[in-house]
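**Student:** Quick one: structure below, then a few questions.
Please treat every number below as a calculation from the coordinates, not as lab data. These numbers come from a predicted model, not from an experiment. Neighbour counts are summed over all protein chains in view; Cβ atoms, including those assigned to glycine, are modelled from backbone coordinates with ideal geometry.
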Amino acid sequence: PATASFVVTQGMNLTLGLGFFMTQRGQFAMALNSIERLAEFSKLPPEVEGHDTPAVEWPESGEVTMEHVTAQYRPGLPQVLRDVSLTIRGGEKVGVCGRTGSGKSS
């Protein structure tokens, strides 16, 4: 009985250890992916700041407002944006961050 108990306990410990290892391995792989993407991004040439004069009809001020926007790529697919509301005032700069496939380009 003691040997069987020992074997069962060690088997459970091994299972827990393997589960932890697999979780850590997955997180490490995601971190490496992020590092690779940052390395590729750092190789891009800097964007040139232009001093182009806007067209005469271009508004001098304004804002972009979205209220309760929901979007999907086509019917039957899951929504990529759900009830998004935001206002971007004239002159503001906005960055959109998120994981791959999270709907940033949408």
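**Student:** Using Cα-Cα distances under 8 Å and only pairs 6 or more residues apart, what relative contact order does the chain have, in percent?
**Tutor:** On the way: 58 pairs, mean separation 16.9, N = 106.
Over the chain, the number comes to 16 percent.
**Student:** If you don't mind, another one. For the chain, list log₁₀ I(q)/I(0) at each q in 0.15, 0.19, 0.21 Å⁻¹, using the Debye formula over Cα point scatterers of equal strength and ignoring solvent, two decimals each.
**Tutor:** -1.02, -1.16, -1.18
**Student:** A follow-up question, please. I want to check the label-to-label distance for residue 14 and residue 87. Put each point 7 Å from Cα in the C-beta direction and report it in nm to one decimal.
**Tutor:** Spacing of the two 7 Å Cα→Cβ label points: 6.3 nm.
**Student:** Something else: What stretch of the chain, leaving out the sites themselves, is the longest with no GluC sites (Glu not before Pro) in a DSSP loop having at most 14 other Cβ atoms within 10 Å?
**Tutor:** Between exposed loop sites, the widest span is 1-46.
**Student:** Scan segment 1-80 for trypsin sites (Lys or Arg not before Pro) in coil per DSSP, keeping those whose Cβ has at most 16 other Cβ atoms within 10 Å, and list them by number.
**Tutor:** When the trypsin sites (Lys or Arg not before Pro) of segment 1-80 are filtered for loop state and at most 16 Cβ neighbours within 10 Å, 43 remain.
**Student:** Rounded to the nearest 0.05, what FRET efficiency do residue 34 and residue 4 give with R0 = 35 Å and r taken as the Cβ-Cβ distance? Could you check?
**Tutor:** Here the calculated transfer efficiency is 0.15.
**Student:** If you don't mind, there's one more thing I want to ask. Between the helical axis of 2-42 and the dominant principal axis of the chain, each derived from Cα atoms, what acute angle in degrees is found, rounded to the nearest 10?
**Tutor:** The helix 2-42 is inclined about 20 degrees to the chain.
**Student:** Skipping prolines and chain starts, which residues have an amide H placed within reach, meaning under 5 Å, of the one on residue 80, given they are 5 or more residues away or on another chain?
**Tutor:** Correct list: 71, 72, 73.
**Student:** Now, a different point. Starting from the exponent 0.38 and prefactor 2.2 Å, build the expected Rg for segment 1-46 from its residue count and divide its actual Cα Rg by it.
**Tutor:** Normalised Rg, Cα atoms only: 2.15.
**Student:** Next question. Can you give the calculated 222 nm mean residue ellipticity of the chain, where each DSSP H run of n ≥ 4 adds -39,500 (n - 2.57) and the sum is split over every residue, rounded to the nearest 500 deg cm²/dmol?
**Tutor:** Value at 222 nm, helices only: -14500 deg cm²/dmol.
**Student:** Right, something else. What FRET efficiency would be calculated for the residue pair residue 97, residue 74, taking the C-beta separation as r and a Förster radius of 25 Å, to the nearest 0.05? List each step's numbers first, then the result.
**Tutor:** On the way: r = 26 Å, r/R0 = 1.02.
My answer for the efficiency is 0.45.
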